[in-house]
Amino acid sequence: MVMDMKRTMIIGAAGFVGGYLINCLKQECGMEVFATKLQHEKIENSFAQIFDLDIMDKEAIVSLLFEVRPDYIFHLAAQSSVGLAWKNPGLTIDVNIKGSVNVMDAIRELYYKPRVLLIGSGEEYGHIKAGETPIGESNMVRPGNIYAATKACQNMIGNIYARAYDMEVMMVRAFNHIGPNQAPMFVVADFCKQVAEIELGIREPIMYVGNLEAKRDFTDVRDVVRAYVQLVEQGIAGETYNVGSGHAIAIREILDRIIAMSDCNIAVEIDANKLRPVDVPIIEADISKIKALTGWTPEISLEQTIRETLDYWRERVCGAIPE
């Protein structure tokens, strides 16, 4: 992946994807990287210059953009947990919709037009009907949860800004991305953490799980950030691109694969607290659009991602990786 020396800003880089994107931009692309976080968050990455930024403060965004003058902007800042969105919809709406509008308005005040990638979710498609899988970008969105609704709104707003204000804004619908260092509020990290704790003897040999029948499209986070970089350079303003593996797999199969990597005899029980009020049966991406535009395709196998994630949690629960 070769790009001209560019200045790149990642808004909301303290999360799971941010660190991988910083590394990709710096190590693979040789770019100058600027990244933002909330004041209480930490980013330990020497490849980026770090700034504190709250996207609820539009004037602070304007000030930082004029200081840095980025060529490319990745808008990652979001409340991205579906479970938390059910518990705190107001926070999710504030961050994902109002915060995104602040970012877009701030960019609109610049004297030049940076290329901007808004990160959405495959969850936006929601209740997928028979015959719609794998689902393409032009399919109707029917969000089935609060988080998905806010991301669908962000997508529509991004499209409007691109067309009404002639801004270089592209949108992504990213499907489930996984890998080492993901928080255990997400299913694969949760399963791997539980297995690692069982192996160490600090948890009883019972896995507590939610809905195992749902099918989801999982992609390694390192493949996902490669897609983001290619889209911010090559994407067409106002367009939306799916980023996923193109193949849905049942959560049960994910669980079986993780347990098979352990020598422990592990039982499985349903935990009602892990069940969502509404859960979409299958979400699978049609990724032909991004493939046609950029040539991008996932390279890291699901087996490799699961094994590396499990090994990460084995190290962490043993204390080798600090909290």
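Only one of R226, R222 is within 28 Å of C153 (Cβ to Cβ), touching a Cys at 6+ places or on another chain (Cβ under 8 Å), basic (K, R) and modelled with pLDDT of 95 or more. Can you tell me which?
Values: R222 fails: within 28 Å of C153 (Cβ to Cβ).
Sole residue among the options that is within 28 Å of C153 (Cβ to Cβ), touching a Cys at 6+ places or on another chain (Cβ under 8 Å), basic (K, R) and modelled with pLDDT of 95 or more: R226.
How many residues are open to solvent by 60 Å² or more (accessible area, probe 1.4 Å) and of a type in the set (F, W, Y) if we restrict to segment 24-50?
Here the count works out to 1.
Restricting to segment 236-256, name every residue that is touching a helix residue (DSSP H, G or I) at 6+ places or on another chain (Cβ under 7 Å) and under 19 Å from M156 (Cβ atoms).
If the condition is that a residue be touching a helix residue (DSSP H, G or I) at 6+ places or on another chain (Cβ under 7 Å) and under 19 Å from M156 (Cβ atoms), then A237, G238, T240, Y241, N242, V243 are the ones that fit.
Assess whether Y165 counts as being open to solvent by 40 Å² or more (accessible area, probe 1.4 Å), modelled with pLDDT of 95 or more and not aliphatic (A, V, I, L, M). Please lay out each step first, then the result.
On the way: open to solvent by 40 Å² or more (accessible area, probe 1.4 Å): yes; modelled with pLDDT of 95 or more: yes; not aliphatic (A, V, I, L, M): yes.
Answer is yes for this residue.
With (1) in contact with a Pro (Cβ under 8 Å, 6 or more places away or on another chain); (2) more than 18 Å from I198 (Cβ to Cβ); (3) open to solvent by 50 Å² or more (accessible area, probe 1.4 Å); (4) of a type in the set (D, E) as the list, and E284 as the residue in question, which single condition is left unmet?
In the conditions (1) in contact with a Pro (Cβ under 8 Å, 6 or more places away or on another chain); (2) more than 18 Å from I198 (Cβ to Cβ); (3) open to solvent by 50 Å² or more (accessible area, probe 1.4 Å); (4) of a type in the set (D, E), E284 misses (3) alone.
Does segment 258-290 hold any residues that are more than 20 Å from the chain's Cα centre (by Cα) and in a strand (DSSP E or B), and which are they?
Those that are more than 20 Å from the chain's Cα centre (by Cα) and in a strand (DSSP E or B): A267, V268, E269, I270.
Got a sec? Which of G295, G235 is open to solvent by less than 60 Å² (accessible area, probe 1.4 Å), over 29 Å from D311 (Cα atoms) and out of contact with any Leu (no Cβ under 9 Å at 6 or more places or on another chain)? Break it down into steps so the answer makes sense when it comes.
Numbers: G235 fails: out of contact with any Leu (no Cβ under 9 Å at 6 or more places or on another chain).
Of the residues listed, the single one that is open to solvent by less than 60 Å² (accessible area, probe 1.4 Å), over 29 Å from D311 (Cα atoms) and out of contact with any Leu (no Cβ under 9 Å at 6 or more places or on another chain) is G295.
Exactly one condition in (1) in a helix (DSSP H, G or I); (2) open to solvent by less than 20 Å² (accessible area, probe 1.4 Å); (3) of a type in the set (G, A, S) is false for G19; which is it?
(2)
Do we have any residue at all in segment 250-257 that's in contact with a strand residue (DSSP E or B) (Cβ under 8 Å, 6 or more places away or on another chain), part of a strand (DSSP E or B) and open to solvent by 10 Å² or more (accessible area, probe 1.4 Å)?
yes
Which is within 15 Å of F218 (Cα to Cα) and either of a type in the set (S, T, Y) or free of Cβ contacts under 8 Å to residues at least 60 places away in the same chain (or both), of E299, E303, E308? Talk me through it step by step, then tell me what you get.
Numbers: E299 fails: either of a type in the set (S, T, Y) or free of Cβ contacts under 8 Å to residues at least 60 places away in the same chain (or both); E308 fails: either of a type in the set (S, T, Y) or free of Cβ contacts under 8 Å to residues at least 60 places away in the same chain (or both).
Exactly one of E299, E303, E308 is within 15 Å of F218 (Cα to Cα) and either of a type in the set (S, T, Y) or free of Cβ contacts under 8 Å to residues at least 60 places away in the same chain (or both), namely E303.
List the helices (runs of 4 or more DSSP H) inside segment 51-155, counting only whole elements, that have at least 2 residues being of a type in the set (D, E) and open to solvent by 30 Å² or more (accessible area, probe 1.4 Å).
Values: elements: 58-68, 82-87, 89-93, 99-108.
Output list reads 58-68.
I need the full set of residues from segment 173-210 which are touching a Leu at 6+ places or on another chain (Cβ under 6 Å) and either surrounded by fewer than 21 Cβ atoms within 10 Å (Cβ to Cβ) or in a strand (DSSP E or B) (or both), in order please. Explain how you work it out, then say what you get.
Let us first name the residues in segment 173-210 that are touching a Leu at 6+ places or on another chain (Cβ under 6 Å), namely 191-192, 210.
Matches in segment 173-210: G210 only.
The values are calculated or read from the model by the stated rules, or taken from the named source; none is laboratory data. All figures in this text were calculated on a predicted structure; none of them were measured in a lab. Cβ: placed from backbone, ideal geometry, glycine included. Neighbour counts: every protein chain shown. Please note that ligands, DNA and RNA were not included when accessible areas were found on the heavy atoms of the full protein model with its side chains. Shrake-Rupley method; radii C 1.70, N 1.55, O 1.52, S 1.80 Å.
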